[in-house]
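The values are calculated or read from the model by the stated rules, or taken from the named source; none is laboratory data. Since we're looking at a predicted model, the values are computed, not measured. Virtual Cβ from ideal backbone geometry, glycine too; neighbours counted across all protein chains shown.
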Amino acid sequence: MQIYLPIADLPVNVFVILAMGLAVGFISGMFGIGGGFLMTPLLIFLGISPAVAVASVTGHIAASSMSGAISYWRRRAIDLALAFMLLAGGIVGTAFGVWLFTLLRAIGQLDITIGISYVLLLGIVGALMVFESVRAILRARQGKPVELRRPGSHTWIHGLPFKLRFKRSRIYVSAVPVWGIGFIIGFVGAVMGIGGGFLLVPMLIYVLRVPTATVIGTSMVLTLVTMASATVMHAATNHLVDALLALFLMVGGVIGAQFGARAGQQMRGERLRLLLGLLVLAVGIRFALDLVLPPETIYSIRPVDPEA
Amino acid sequence: MTPRAAFSLLVTLGALAASSAPAAAERLVASLSNHRVMVTSNFTGEELVLFGGIEQDSASRPRRGGYDIVVTVTGPRQTTVTFRKARVLGIWVNADSRVFENAPAYLAVLSNRPLDAITNTETLRRLQLGLDNIPLPQRASVNIADAASDDPFRLAFIKLKSDHGLYREASNGVTFLTPTLFRASIPLPAEVPVGTYEVDVRLFADGAQIARTPSPFEVYKSGFEQIVTAAARDHGLLYGLATAMMAIATGWFASVVFRRD
């Protein structure tokens, strides 16, 4: 069934959009990530302009995160205190990221910066996650106990001041790295147009040693707040949010996220991290190929928005 | 007055002068099947039909080569950038670009036989007929100039537009039903932008343009599509808040519906 999207200005097949929402929603519910780094390229592939795709995907991510966050809330798997501290850093990071975004656009190097950042970021994060989780799985196979929590091992991070106790996560860390992580997520999100969940989850696990059980729910709360405000900001400044597109993506997304969240809870932590690592790595490689392989056509056209 | 406007005025005056001359007393009449194309939620493109007739009077002399019709449909203007990629340090980047100022977002040149068979190259260029001759001014820093018709950026622009069905040149787009009655079908793909479209019908005989008539139409959004577009444009903040609330409500609703624990 074809339906005409009012802001994207083209007809799409409703079932294709619903299926895409369902698939990405499943992945986002399972890993606690927004899935923007998957959905945006998919929409652009369908012929929707990148600006409309980025703006509309924020709504979809907000809905998926909401649905996932409620599931985790009922399982008491959300650390609200941690989420608020991350948000505090995130707001500053977003402002800084928007500043850099504007600067890069002014000197005409935005596209290539985004392309290279995707490859580097996804490549490094994906490779690290795959490496770490494979090691954990191998160790478990050999019968050694899985070292998820090492209460005795202190790194330099634990020597920082302003220590706070996050009860739900059962960690006692300085507020400085928490703000720092929030800042990085906000900054990267604004520059690259992604929610940053796939970065946040490994950072919380590896840097702050947040147990896997509360990581995903907490990440979802952060994603929900940032993406809902991004929807409002995109709509207010660029008028590029296609509500109809967002609605179809949402309906598919929230259903997918429900099943994803359930599948994620039944899976062992290191398996889950291996899968997410492979997914992130695959998308990173896909972006790298785009940069390196000779394109099908070296020309491309893009309408100039009247406001620019 | 821009050179283009001045030129079209000249052409119009020329056509008027030609039609008043006794040697070319043909009159051209044309009408579209629909002057207002409505974009609704089930819009997947449309095909407009243009019917036209050539009226002869007693002064008309028989034309040896018969009549030829060229229909040019020009959509709303849109400034577009064409990028060219090049390899820099092993990575393909957009290295060069051209800005096409106010290029037609849609362009169809329909005729009953190939344009070069209707009239000579010189006339086609003068009348700006066909994809090779349509003016597509490019902006290079401060100067605006129309590049040669074999300019690679221009060719790439036309090719990419044609791939989307937005630019086309069809030498079988016009069909003569009788020697003086013709029909042209104007295909509008789903991506056509909203706005005013100019349809320019030109009558040729023996290689010369002898009459010309316009027949504009409009593509517009209606109903739900119109409401959403207007809301997004005029009340961005409220629209955004509503979309965010919709997202939160959808997420909450799903978690209630699927609750199992």
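Things worth noting here:
- Out of B:SER60, B:SER41, B:SER8, B:SER33, sole residue that is at pLDDT 85 or above and among the polar types (S, T, N, Q): B:SER33
- Leading residue by the ranking (farthest from B:ASP163 (Cα to Cα)) among those in the range A:274-308 that are in contact with a helix residue (DSSP H, G or I) (Cβ under 8 Å, 6 or more places away or on another chain), loosely packed, with under 15 Cβ neighbours inside 10 Å and modelled with pLDDT under 80: A:ASP305
- Of all residues in the range A:175-203, exactly one satisfies the criterion of being free of Cβ contacts under 8 Å to residues at least 24 places away in the same chain and touching a helix residue (DSSP H, G or I) at 6+ places or on another chain (Cβ under 7 Å), namely A:MET203.
- Scanning the range B:204-250 for residues that are of a type in the set (S, T, N, Q) and in contact with a strand residue (DSSP E or B) (Cβ under 9 Å, 6 or more places away or on another chain) yields B:GLN209, B:THR213, B:SER215, B:SER222, B:GLN226, B:THR229.
- Looking only at the range B:74-123, residues that are part of a strand (DSSP E or B) and within 14 Å of another protein chain (Cβ to nearest Cβ) come to 27 in all.
- Residues of the range A:214-228 that turn out to be away from chain B (no Cβ under 14 Å) and more than 18 Å from A:PHE26 (Cα to Cα), as a count: 2
- The single condition from (1) within 14 Å of chain A (Cβ to nearest Cβ); (2) touching a helix residue (DSSP H, G or I) at 6+ places or on another chain (Cβ under 9 Å) that B:ALA230 fails is (2).
- Of the residues making up the range B:124-139, at least one is touching a strand residue (DSSP E or B) at 6+ places or on another chain (Cβ under 8 Å), touching a residue at least 40 places away in the same chain (Cβ under 8 Å) and in a strand (DSSP E or B).
- With respect to being more than 7 Å from chain A (Cβ to nearest Cβ), closer than 14 Å to A:MET250 by Cβ, in contact with a helix residue (DSSP H, G or I) (Cβ under 9 Å, 6 or more places away or on another chain) and among the aliphatic types (A, V, I, L, M), B:ALA242 fits the description.
- Residues being under 12 Å from B:GLY251 (Cα atoms), crowded, with 24+ Cβ neighbours inside 10 Å and facing another protein chain (nearest Cβ under 7 Å) - total across the range A:229-257: 2
- Qualifying residue in the range B:64-77 (condition: crowded, with 17+ Cβ neighbours inside 10 Å and more than 30 Å from B:ASP206 (Cβ to Cβ)): yes
- Leading residue by the ranking (nearest to the other protein chains (Cβ to nearest Cβ)) among those in the range A:258-271 that are more than 24 Å from A:LEU80 (Cβ to Cβ) and not polar (S, T, N, Q): A:PHE259
- Residues that are over 17 Å from A:ALA263 (Cβ atoms) and more than 14 Å from chain B (Cβ to nearest Cβ) within the range A:17-31 comprise A:ALA19, A:MET20, listed in sequence order.
- Test: residue in the range A:79-101 that is within 14 Å of chain B (Cβ to nearest Cβ), in a loop (DSSP other than H, G, I, E, B), touching a Ser or Thr at 6+ places or on another chain (Cβ under 8 Å) and under 19 Å from A:ILE181 (Cα atoms): no
- Subset tally (residues that are part of a helix (DSSP H, G or I), aromatic (Phe, Trp, Tyr) and either within 24 Å of A:HIS239 (Cβ to Cβ) or touching a Cys at 6+ places or on another chain (Cβ under 9 Å) (or both)) for the range A:1-18: 0
- Residues of the range A:19-45 that are in a helix (DSSP H, G or I) and either within 15 Å of B:GLY251 (Cα to Cα) or out of contact with any helix residue (DSSP H, G or I) (no Cβ under 7 Å at 6 or more places or on another chain) (or both): A:GLY21, A:LEU22, A:VAL24, A:GLY25, A:PHE26, A:SER28, A:GLY29, A:PRO41, A:PHE45.
- Any hit, the range A:38-56, residues being within 9 Å of chain B (Cβ to nearest Cβ), in contact with a His (Cβ under 9 Å, 6 or more places away or on another chain) and surrounded by 24 or more Cβ atoms within 10 Å (Cβ to Cβ): yes
- The set of residues in the range B:80-114 being among the polar types (S, T, N, Q) and over 30 Å from B:PHE51 (Cβ atoms) consists of B:THR80, B:THR82, B:ASN94, B:SER97, B:ASN102.
- Residue within the range B:56-72 that is touching a residue at least 40 places away in the same chain (Cβ under 8 Å), at the interface with chain A (Cβ under 8 Å from one of its Cβ atoms) and hydrophobic (A, V, I, L, M, F, W, C) present: no
- Flag for A:ARG271 being outside any helix (DSSP H, G or I) and surrounded by fewer than 23 Cβ atoms within 10 Å (Cβ to Cβ): no
- Qualifying residue in the range B:216-227 (condition: free of Cβ contacts under 8 Å to residues at least 24 places away in the same chain and within 14 Å of chain A (Cβ to nearest Cβ)): yes
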